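The values are calculated or read from the model by the stated rules, or taken from the named source; none is laboratory data. No experiment lies behind these values; they were computed from the predicted model shown. Cβ sites come from the backbone with ideal geometry, for glycine too, and all protein chains shown count toward neighbours. Ligands, DNA and RNA are excluded from the accessible area calculation, which covers all protein heavy atoms including side chains. Shrake-Rupley method; radii C 1.70, N 1.55, O 1.52, S 1.80 Å.
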Amino acid sequence: MIKSMHNIHLGKIEQLVIHYIGNKNCSDGVRLCDELSNYTNVEDTLNKLITSNFKFDELYQFHFFPDLELNPVYTIINAMFENTDIDSFINQSKNMGRYLYEKTNHPQIKAGELGVFYLADCTVDDELVGCIGIFKSENKQKILKVEDKQTGYDLADIEGLSIQKLDKGCLIFNLHREQGYLVAIVDNTNRRAEAKYWTDDFLGIKPINNEFHQTTHIMETAKQFIAQTMDADDEASKSEKIDLLNRSVDYFKNNEQFDLQEFEQQVFAKDDLIRKYQDFSQNYAQENQVEPVKNFDISPKAVKKQERYFKSVVKLDKNFHIYIHGGKDMIEKGRDGDGRKFYKIYYQEEN
């Protein structure tokens with residue numbers, strides 16, 4: 001199993017080629033360039049854009065059924081790492097552009113520039129490796145340019161790529177080739193189902209099944225189960241739902257090792273609720289094509305990332321918010337003689 005924690009340092013861009021990829025659904029076509037792009041005047045800005053956008057907490061690998069070798073982008077990357085001369089680099093980047101165009105067939109996918117670049121002298125856990133990067137620009141930004149004239153200054157707007165945020169990006173490190181390489185991604189426009197074309201349809205990647213991914217998967221499964229099961233149960237109150245969410249988070253924050261049976265007992269406690277969770281978990285794993293695991297090292301980074309999605313607030317009309325951090329037995333829900341709903345809260349100290 002490829003581990004989740006890596007000390008990764010990126011080198012500098014050594015070569016870059018940019019192509020224009022239109023929307024196939026709109027018959028935009030492509031413009032594939034025959035030479036490397038000149039970035040001398042913006043080299044520092046470009047390197048900063050790459051290094052500031054990628055995080056390495058969750059890593060991915062190429063995959064394809066039934067054979068990894070049938071993944072087109074994986075095959076192109078193999079050829080790029082094997083033959084590093086400029087002509088081969090440009091030709092393979094064209095192949096990548098043509099393949100991306102074939103996948104850009106949803107009407108909502110924007111046309112844009114595809115950049116393919118090579119990073120030399122990257123280090124992964126003190127090992128020197130090469131890295132091939134890809135980015136797709138879809139959203140342009142406008143800036144105001146001050147134009148100096150003899151009689152004063154004028155303003156003009158210029159449209160271009162963002163120097164702070166990549167729309168879509170991918171880094172492929174020349175490690176673990178047989179397992180699908182070590183891949184990092186960024187996707188700041190993946191807000192709708194059609195945007196999955198970048199990670200699923202084009203790249204064909206999946207999360208590496210390590211402790212970060214396993215922790216994320218179990219926490220997500222628990223959150224979805226609690227939300228769906230408790231929402232479907234008319235007798236379950238929001239406070240009970242929040243109590244389960246809090247117990248789930250507390251288990252991951254207070255333990256270094258995950259044990260499935262222990263988790264089920266501490267969080268869900270009741271046999272009937274545990275059985276419901278087990279059925280839900282099995283179906284959730286099958287739907288998301290994840291192998292079920294019973295024991296693994298808990299990733300603190302994954303816990304910190306997931307914790308923000310475990311809401312512990314009961315919102316009462318527009319008047320009150322009750323923050324619940326535990327102690328389900330200290331809060332009661334009821335209805336008075338006039339039919340008004342209420343919560344009764346017990347406490348020992350007022351801070």
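The 1.4 Å probe gives accessible areas that order GLU82, GLU43, largest first, as GLU82, GLU43. When nucleic acids and ligands are ignored and a 1.4 Å probe is applied, LEU166 ends up with an accessible area of around 10 Å². Computed over segment 61-204, the P(r) curve from all C-alpha pair distances, binned at 5 Å from the origin, holds 2, 8, 16, 19, 18, 13, 8, 5, 4, 3, 2, 1, 0, 0 percent per bin.
Straightening the chain between HIS9 and THR45 buys 11.2 nm, computed as 0.36 nm per residue apart minus the Cα-Cα spacing. Shown are HIS6, HIS19, whose ranking by accessible area with a 1.4 Å probe and every protein chain present, most to least, is HIS6, HIS19. All other residues whose Cβ lies under 12 angstrom from that of GLU102 are scored, Lys and Arg at +1 and Asp and Glu at -1, for a net of +2.
Can you tell me which aspartates and glutamates have their Cα less than 14 Å from the Cα of LYS223? Leave out same-chain residues fewer than eight positions away. By straight Cα distance, LYS223 reaches ASP231, GLU240, ASP243, ASP250, GLU264, GLU307. Among the listed pairs LYS24/LYS206; LYS103/LYS196; LYS55/LYS206, which have their C-alpha atoms separated by more than 19 angstrom in this model? Pairs exceeding the cut-off: LYS24/LYS206. Once the chain from ASP154 to ASP272 is taken as fully extended at 0.36 nm per residue, the excess over their C-alpha distance is 35.2 nm. Here the label points at ALA79 and GLU147, each 7 Å from Cα along the C-beta direction, are separated by 4.4 nm in the simple model. Using a probe of 1.4 Å, the accessible surface attributed to GLU35 totals some 130 Å² when neighbouring protein chains are kept in position.
Look at the dipole of segment 58-153 built from charges on Cβ: of ALA120, PHE65, ILE134, the Cα furthest out on the positive end belongs to ILE134. Partners of LYS136 within straight-line reach, counting aspartates and glutamates whose Cα lies under 17 Å from its Cα and excluding those fewer than 8 residues away in the same chain: ASP28, GLU102, GLU113, GLU159, ASP167, ASP187, GLU194, ASP200, ASP201. For segment 243-298, the share of accessible area belonging to carbon and sulfur comes to 38 percent (1.4 Å probe, ligands and nucleic acids excluded).
Work out how much length ASN139 to ALA285 would gain on full extension: take 0.36 nm times their residue separation and subtract the Cα-Cα distance, in nm to one decimal.
Once the chain is fully extended between ASN139 and ALA285, it gains 49.1 nm.
When the charge dipole of segment 12-123 is built from unit charges on Cβ atoms (+1 for Lys and Arg, -1 for Asp and Glu) and taken about the Cα centre, the candidate among ASN91, ASN78, ASN105 whose Cα reaches farthest toward its positive end is ASN105.
Taken over the Cα atoms of segment 1-131, the convex hull encloses 143 Å³ per residue. The ellipsoid that matches the Cα gyration tensor of segment 138-215 has semi-axes, each √(5λ) in whole angstrom, of 41, 14, 10, with the longest given first. Summary of the geometry: segment 24-49 and segment 96-151, compared by the centres of their Cα atoms, lie 6 Å apart. At the residue level, HIS63 shows approximately 70 square angstrom of accessible surface with a 1.4 angstrom probe and all protein chains present.
Along the axis of the charge dipole computed for segment 138-207 (Cβ charges of +1 for Lys and Arg, -1 for Asp and Glu, origin at the Cα centre), the listed residues ILE205, GLY169, GLY152 are led at the positive end by ILE205. With all protein chains in place and ligands, DNA and RNA left out, the 1.4 Å accessible area ranks TYR39, TYR181, TYR20, TYR153 as TYR153, TYR20, TYR39, TYR181, largest first.
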